[in-house]
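Please treat every number below as a calculation from the coordinates, not as lab data. Please read these numbers as outputs of a predicted model, since none were measured by experiment. All Cβ positions, glycine included, derive from the backbone under ideal geometry; neighbour counts span all protein chains shown.
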Amino acid sequence: MKKILLLSGLFLVLSIATLAQTAAEWNKQGVDHSKKFEYKQAYECFTKAIELKADFAEAYYNRATVWFELPANTFPNIDGCDDLKTAKSLGYKVKDEVMKKFGCL
């Protein structure tokens, strides 16, 4: 009986570990979605990356660029300009041309 419980517990731990993704993995998944023009899924992946790592500048940048591709009011509680500014403040090299392109200067 103890072996069964031990094996069940080990299986549960391994299952949870394989489901857990890192911020970098969520960011990569978001990039993959955006390459396929799946912007809503990409946005959600970048948001998960940011939830796991609040100072993930690249994920903020990526989420911003995807936000501008979505139809208006898809995610009304977030502003792409805010994400660009956050990415820049965290050290991501956001060019002024990009800020201007999206009207964020």
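Brief remarks follow.
- Per-residue Karplus couplings for region 38-52, computed as 6.51 cos²θ - 1.76 cosθ + 1.60 with θ equal to phi - 60°, are listed in order as 9, 5, 5, 5, 4, 4, 5, 5, 5, 5, 5, 4, 5, 4, 7 Hz, Gly and Pro entered as x.
- Tail fraction, Cα-Cα pairs, region 22-101, threshold 21 Å, whole percent: 19
- Counting charges near Leu52 (Lys, Arg +1; Asp, Glu -1) among other residues having Cβ under 14 Å from its Cβ returns a value of -1.
- Within region 32-93, trypsin sites (Lys or Arg not before Pro) in DSSP loop having at most 11 other beta-carbon neighbours inside 10 Å: Lys36, Lys93
- Counting beta carbons within 10 Å around each of Phe56, Phe75 and listing the fewest first gives the order Phe75, Phe56.
- Normalised by the number of residues in region 13-105, the average gap of Cα pairs under 8 Å and 6 or more apart makes the relative contact order 22 percent.
- Net charge of neighbours whose Cβ lies under 14 Å from the Cβ of Pro71, counting Lys and Arg as +1 and Asp and Glu as -1: -1
- The lysines whose alpha-carbon is closer than 23 Å to the alpha-carbon of Lys28, local same-chain residues fewer than 8 away aside, are Lys36, Lys40, Lys48, Lys53, Lys85, Lys88, Lys93, Lys95.
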